[in-house]
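This report refers to the structure that appears directly beneath it.
The values are calculated or read from the model by the stated rules, or taken from the named source; none is laboratory data. Remember, it's a predicted structure, so these values are computed and weren't measured experimentally. Cβ coordinates were reconstructed from backbone atoms using ideal geometry, including for glycine residues, and neighbour counts include every protein chain displayed. Heads up: the accessible areas ignore ligands, DNA and RNA and are worked out on the full protein's heavy atoms, side chains in. Shrake-Rupley method; radii C 1.70, N 1.55, O 1.52, S 1.80 Å.
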Amino acid sequence: MNVPGTFTLGPGDGNARTGCLTTAHGDVETPIFMPVGTQGTVKSLCPTDLHDLKAQIILGNTYHLYLRPGDELVAKLGGLHRFMGWDGPILTDSGGFQVFSLSGLRQIAEEGVTFSSHIDGSRHLFSPEKVIAIQQNLGSDIMMVLDECVPYGADRAYTEKSLALTTRWARRCRQAHPGGHRGQLLFGIVQGGFFKDLRAESAAQLLEIGFDGYALGGLSVGESREEMYDILGDATPLLPADRPRYLMGVGAPRDLLAGMAAGIDMFDCVLPTRNARNGTLFTFQGKVNIKRAEYREDDTPLDPTCPCYACQTFSKAYLRHLYVARELLSYRLNTLHNLTFFSIMMERARQAIRDGRFAAFRAEMEAVYPTDEE
Ligand SMILES: CCCSCc1cc(N)cc2c(=O)[nH]c(N)nc12
Ligand SMILES: [Zn+2]
């Protein structure tokens, strides 16, 4: 068995590539979409559901799990894998992004970021050392450094100053977790906003520190698709080809395709799980808004080609009824389906790359998920 952190590249097609990342809880075939399980659960699903839809790795969140139930409690109970009953790989975000997007009264300083809990208003400090200790307590297989996700529209002076701090924080994270600690990997996060030279500077600084993988942060923060793709195309080749590349917070089917075409290996986004809860379902024939009246008497499955329990067992009429009635089963069935769609789409993408027909696969999918659609 390979040691955690081993990343073996498979066949590629243009800049798109396949690979296999070894973690302490198993191998991950890339490109991969990672379901978000913020509070130690992929909302409404059990770990057995995740295995059934062939999820390979899920996300947890340092900010949320630190605040509730507490990372030290999770460690005392055997770590996040045992606590939530998931025996596969787990990646945890450092919490910086959530501090900036969720909590009030944030103060950024050299030491770290001080914030008020969105739960009870209590004050906390996330330093690089603290977020590493939390992720070590959780036992995540892939940890992220503490970073500042620069707000969309930040000017060059702010972005430059923030990038320098993020790099100093990244260095402190690496010093706090030099590697090898229970096979837990540490990824750096490239920032630099929408300034290509600052992105290059960030990437070069992180490479000099040395990480097990490299993420592109600061995207999917309100920018246009054109702005995202411009940075994506320019910054991805700056990341080492022999290490995993992770595009944070992305995304919709068309954005996953664009990311893979640019050479990205790992993705995460709340879209499939959040949209499931608001009735927007993804199929290989396009999106279905299940609450629409047109499905009231529709006795056909959501997607006859889909192997998920929802599509194999129930009609659109029933799925619509559950959603309109706000029944809890709606969340479970819709989430099962959407994550199955994303899982199948990524498997088809991996096979298309292996077969040298990724461009055709992308065109086929974009015909159903056009780039100009939100
Ligand atoms: C559980 C959520 C994982 S991804 C969250 C996220 C999403 C987006 N879009 C950007 C960033 C970023 O720049 N830095 C960090 N740490 N996280 C980000
Ligand atoms: Zn389905």
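Three principal axis extents describe the C-alpha atoms of segment 265-340; from largest down they are 41, 25, 19 Å. Compared with the direct C-alpha span, the chain from GLU226 to LYS54 gains 58.7 nm at full extension, assuming 0.36 nm per residue.
Of the listed residues ARG354, ARG274, the order by accessible area with a 1.4 Å probe, largest first, is ARG274, ARG354. Structural descriptor for the chain: relative contact order 17 percent, calculated from alpha carbon pairs under 8 angstrom and at least 6 residues apart. Separation of segment 260-323 from segment 107-138 is 37 Å, based on Cα centroids.
Across all Cα pairs in the chain, the calculated P(r) in 20 Å bins from zero up to the longest distance comes to 29, 59, 12, 0 percent per bin.
In summary, segment 10-71 shows an alpha-carbon radius of gyration equal to 1.37 times the 2.2 N^0.38 Å reference for compact globular proteins. Comparing ASN2, VAL288, CYS46 along the charge dipole axis of the chain, the residue lying farthest to the positive side is CYS46, per the Cβ-charge model. Once all protein chains are placed together, TYR309 keeps about 130 Å² accessible to a 1.4 angstrom probe.
Take the chain with all the other protein chains still there, run a 1.4 Å probe, and you get 40 Å² of accessible area per residue. Note on ILE108: accessible area is roughly 70 Å² with a 1.4 Å probe, heavy atoms of protein only. Listed by chain and number, the lysines placed with their C-alpha closer than 26 angstrom to that of LYS130 are LYS76, LYS161; residues fewer than eight positions away on the same chain are left out. Taking each DSSP H run with n ≥ 4 as -39500 (n - 2.57) and averaging over every residue of the chain yields -12500 deg cm²/dmol at 222 nm. Going Cα to Cα from LYS54, which lysines come in below 28 Å? Please leave out same-chain ones fewer than 8 positions away. LYS54 reaches LYS43, LYS287, LYS291, LYS316. Residues LYS54, LYS196, ordered by accessible area of protein heavy atoms at a 1.4 angstrom probe radius and largest first, appear as LYS54, LYS196.
Using heavy atoms of the protein chains and a probe of 1.4 Å, the accessible area assigned to THR236 is about 0 Å².
Accessible-area rank, largest first, for LYS161, LYS287: LYS161, LYS287, with all protein chains present and a 1.4 angstrom probe. Radius of gyration over Kirkwood radius for segment 53-202, both on Cα atoms: the Rg/Rh ratio is 0.98.
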